[in-house]
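Beneath this line is the structure, given in structure tokens, with notes to follow.
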Amino acid sequence: MYLKPKGFNRVGVIQCFLAAFFVLWFLILPATGKYFAWPVIPELTAMFLGAGFILRSYFGYHLWRDKYWYTVRWSMFGDFAFLSVLFITTWWHVREMNWNLQGVSSGLRIFSLVITHVWILAYTFEPLTVFLFHPRDPEANAPVPAQLSEGELLQPIKSALVAMFYLGAALWALFFFTPEFANMRWPWSLNPFDARIMSAWFAGVAVWSVTMYFMKDWAEVKMGVRAILLFLTGLLAVWLFASWRYPLNDTEIAARQGWVYALVLGVMVVWLLFAYWKQEQAHQKVPTIVSAQ
């Protein structure tokens, strides 16, 4: 069995706890997003990022704790996409970050400045580090051993992954290349910096999904599907909680899009849950079939 490179333990533990800190901040205190590395406004954007970092914390935990490479190798190309978008966006908008907050206490100004530097360092060096640690020898891509196999991917999960690939790619392009146009059609107000940061999750989901689509065994895909489900379920829960509490974008189109946003999220969550259940049912039948033979 090919072991996970040990360097990923350090990457995983930092990612797990840093992302968990961002989750708690953005979901519990979304109004304080303006004191983040850059002003994250409005609160719905902060809560979107909080839901997104649930995925990153979950994946970071497995990158830290999993022993074998086959359980996390689904993530590498999507990670490159996700981290590359954050790298480009951070340096594109670096002058808009909270380098010198005005009208706040000196303690809060220092805290915000520390967070700004942490963000810059994390999302400058993490993509470079992941690229260096990524194993390239043939054994890293060897099939899952027969004793650990959980069966081939069924059509329901492959169809859901294709849908996520198309949807994620389209939303990434919309948010990254045309944030002003996205702002006219999104349920809440967006600025270019926030829109491009948000697009990183769509880019990651698109590449993670298409990577898993071409994999063969449920054992090497299952954790990735769980991560995407966590992300989508988090977004849906945040929306259902926050849509009645926070003001939406002030255009008629955007008001209608709020319901479309919730509907699409709901459909994707149910679709992935059903596909996940089908895969697990098929996997549980394998020992019975083998023993019967």
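The values are calculated or read from the model by the stated rules, or taken from the named source; none is laboratory data. Quick caveat, the model's predicted, so the values are computed rather than measured. Don't worry about glycine lacking a Cβ; one is built from the backbone with ideal geometry, like all the others, and counts go over all protein chains shown. Areas reflect the complete protein model, heavy atoms only, side chains present, ligands, DNA and RNA absent. Shrake-Rupley method; radii C 1.70, N 1.55, O 1.52, S 1.80 Å.
Details
- Residue match in the stretch 175-188 (condition: among the polar types (S, T, N, Q), open to solvent by 40 Å² or more (accessible area, probe 1.4 Å), modelled with pLDDT of 95 or more and more than 20 Å from Val40 (Cβ to Cβ)): yes
- Candidates Thr124, Thr116: the one that is on the phi < 0 side of the Ramachandran plot and either at pLDDT below 95 or under 20 Å from the mean Cα position of the chain (by Cα) (or both) is Thr124.
- In the stretch 130-155, the residues that are open to solvent by 40 Å² or more (accessible area, probe 1.4 Å) and either in contact with a Leu (Cβ under 9 Å, 6 or more places away or on another chain) or in a helix (DSSP H, G or I) (or both): Phe131, Leu132, Phe133, Pro138, Glu139, Asn141, Ala146, Gln147, Leu148, Gln155
- When Val94, Val118 are screened for being of a type in the set (A, V, I, L, M) and either open to solvent by 90 Å² or more (accessible area, probe 1.4 Å) or closer than 26 Å to Ala173 by Cα (or both), only Val94 passes.
- Residue that is surrounded by the most Cβ atoms within 10 Å (Cβ to Cβ) [pool: residues in the stretch 36-73 that are under 23 Å from Ala169 (Cα atoms) and touching an Asp or Glu at 6+ places or on another chain (Cβ under 6 Å)]: Thr45
- Helices (runs of 4 or more DSSP H) contained in the stretch 1-99 and holding at least 1 residues of a type in the set (Lys, Arg): 7-28, 43-65
Here is a yes/no grid of residues against (1) farther than 28 Å from Phe82 by Cα; (2) open to solvent by less than 10 Å² (accessible area, probe 1.4 Å); (3) modelled with pLDDT under 95; (4) not in a helix (DSSP H, G or I):
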| site | (1), (2), (3), (4) |
| --- | --- |
| Ile228 | no, yes, no, no |
| Leu248 | no, no, yes, yes |
| Ala254 | no, yes, yes, no |
| Ala262 | no, no, yes, no |
| Leu272 | no, yes, no, no |
| Gln284 | yes, no, yes, no |
